[in-house]
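**Q** Okay, here's the structure, questions in a sec.
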Ligand code: ADP
């Protein structure tokens, strides 16, 4: 077998495959059927040519057997090509239809008259260039005319149709066809220059192979719904390199006389140079390939980027969703597109946002079979799909009715988790286009992102609402605390003052036992009063009120003495020593002495509470920069590191169990730290478990 035969065999096999393949993608479509017919005739012609070229010299009878097959293909080529052109351009023109019918009649005429030997196209076979070829008969010029009319006219119709289409996808479709034609013309030239006497192997059939490949691609991509053919740029590049390499390797085969690379060395060098050159312009080739083959994909990809960033930035659905719908509409040209969202009572999906000529009132119940199907499959569905897809058995009617209810052509689910939060409802495309694979992938991505964002916005709104509710409840609690503590304070003041009167023997003399008992009442009364004061402080704090400071001259030594005095009894009872540490004398400062005393007594109260008997508590102060630093240290139980921050929180107690050893409300340190802050200072704790704690706070002096 020589290269001529091999390439012919390739043409035959490939065309046969293409014919079957394109037909199998969609048997019903007119374009696919017309292409199959045209491709079949090409296959017949190629088979005849191949068979003829394989017959050895001297076997003329066998060669003559091959002619009818070749002939059958050849006579129907012009008419089936024209038929195909009408199908792909959807030409409904009466004249053109008549031309097509007439063309088939001509083909039948050439077929019959040749077979009957009346007006022959192929009279004989002769052996030239190492194989048998046909000898043209008297009808050949007429047949050529027939060919020369239908070929250019069909191409013209194609060109006209390509100018009329607007969708980028359809434009691409014609681009495939034309690029196929240009390349095949280039190959056809080899047949022509050969006639002109240049000794070149005829390569026209390879051109036909290429043209058909491009055509098939155009059809299949046009119905990308059915199949997605992906040609990777790398593949195209490799094929191109391989192709050129083969041609050069077989140097003499292509330009038998024009270039004469006789030595293998020279040819190999050429290949290296070509591959090298290709590598240099590789990026350009890839870019070109991208532009021709991936235009749609790239455009959609860029749009997708734009829309997703828009979605990510959007928070108001009323602005976001219509803008996203507009972008989709501009890219895909549906007659209408709507976003149907789940109603707040979750009973139906309604067209919340709509662009184009869709139905505003479209409603889909939440238990509709179409909804159920979308939830189950989590993917897009076309209105024809229930008819064509056997999976819909049993659901067919329900799903179809769902489509009718919302008048949709294509629906894409907006799914968040397991829930269908909405539906993109798209009408038919304007014009006659179909939604392509890339467009659907684009829609699905946008739908996913949008569903997520819509859900987030909903959650955010919910959260805001709930926070507002909580704030209200909290404010009510503060009010309540405020009222209760005020109500407690008044009777408590009366009780304490009455006790005071008794103690001062205003109502007559009292015994020692009575004095002791009155002292206990008074002690617990004070305790209760400080508790009520803490609660009042807290509620005041929560309602955002600031403390008003009563600024006076503060003599720290005096304060310390008073405070230690007031804790002396308690400390003595528990066997704890309290010491004052004033290493250097501190001059009087201007601050609120009452509040400082309050803070210190809270810290001292804790220190006494959390220190076992035998312990020592030191209370002290020193000047530090522009502050005075106060501290209360103890040798008590200490605080774990992880609790040290939390003890200043409201109601926090390290041991909050019901069986806890120490009393208290968990409010003391909170109030203390708020007071420190109100005076412009800081408070913190240094502590080690079982060794003791040191509470330190600063009060600015200026
Ligand atoms: P409480 O009324 O419970 O004392 P506080 O706000 O004053 O409330 O203190 C919070 C918690 O911090 C206490 O319950 C205790 O667990 C811990 N704490 C405070 N001071 C000391 C201390 N000097 N030694 C050990 N733990 C302390």
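**Q** Would you mind classifying the range 583-678 by shape? Square roots of the alpha carbon gyration tensor eigenvalues, ordered a ≥ b ≥ c; an a/c under 1.5 is rounded, otherwise it is prolate if a/b is larger than b/c and oblate if not.
**A** Prolate.
**Q** Please state the shape class of the range 314-435: rounded when a/c is under 1.5, otherwise prolate if a/b exceeds b/c and oblate if not, all from the C-alpha gyration tensor.
**A** oblate
**Q** For an R0 of 41 angstrom, estimate the FRET efficiency from the Cβ-Cβ distance between residue 30 and residue 396 and round to the nearest 0.05.
**A** 0.95
**Q** Right, here's the next one. Can you tell me the length gained on complete extension of the stretch residue 677 to residue 561, counting 0.36 nm per residue apart and subtracting the Cα distance?
**A** Going from the current span to full extension adds 39.3 nm.
**Q** If you average the C-alpha positions of the range 354-388 and of the range 532-593 separately, how far apart do those two centres end up, in angstrom?
**A** Using only Cα atoms, the two centres lie 73 Å from each other.
**Q** A further question on this structure: Hey, what's the Cα Rg ratio for the range 398-554 versus the globular rule of thumb, 2.2 N^0.38 Å?
**A** Computed over Cα atoms of the range 398-554, the ratio equals 2.36.
**Q** Any idea what % of Cα-Cα pairs in the range 462-567 are farther than 23 Å?
**A** Summing the P(r) of the range 462-567 above 23 Å gives 55 percent of all pairs.
**Q** A further question on this structure: What order, most packed first, do the peptides 333-342, 82-91 have when packing is the mean number of other Cβ atoms within 10 Å of each residue?
**A** Result, highest mean first: 333-342, 82-91.
**Q** Compute the projected area of the convex hull of the Cα atoms of the range 637-702, averaged over all viewing directions, and report it in nm² to one decimal place.
**A** That works out to 4.8 nm².
**Q** Something else now. Classify the range 1-146: rounded, prolate or oblate, from the alpha-carbon gyration tensor (a ≥ b ≥ c, eigenvalue square roots; a/c under 1.5 rounded; otherwise prolate if a/b is larger than b/c)?
**A** Oblate shape, in that a/c is at least 1.5 and b/c is the bigger or equal ratio.
**Q** Taking 0.36 nm per residue of separation and subtracting the Cα-Cα distance, what length does fully extending residue 505 through residue 489 add?
**A** So the extension gain works out to 3.3 nm.
**Q** Here is a follow-up. Please compute the Kirkwood hydrodynamic radius over the range 573-633, one decimal place, Å, based on all pairs of different Cα atoms.
**A** 12.7
Any read-out appearing in this document is the output of simple, stated calculations on the displayed coordinates, not a laboratory observation. Just so it is clear, the structure is predicted and the values come from calculations on it, not from any experiment. As a convention, Cβ positions derive from the backbone with ideal geometry for all residues, glycine included, and neighbour counts pool all protein chains shown.
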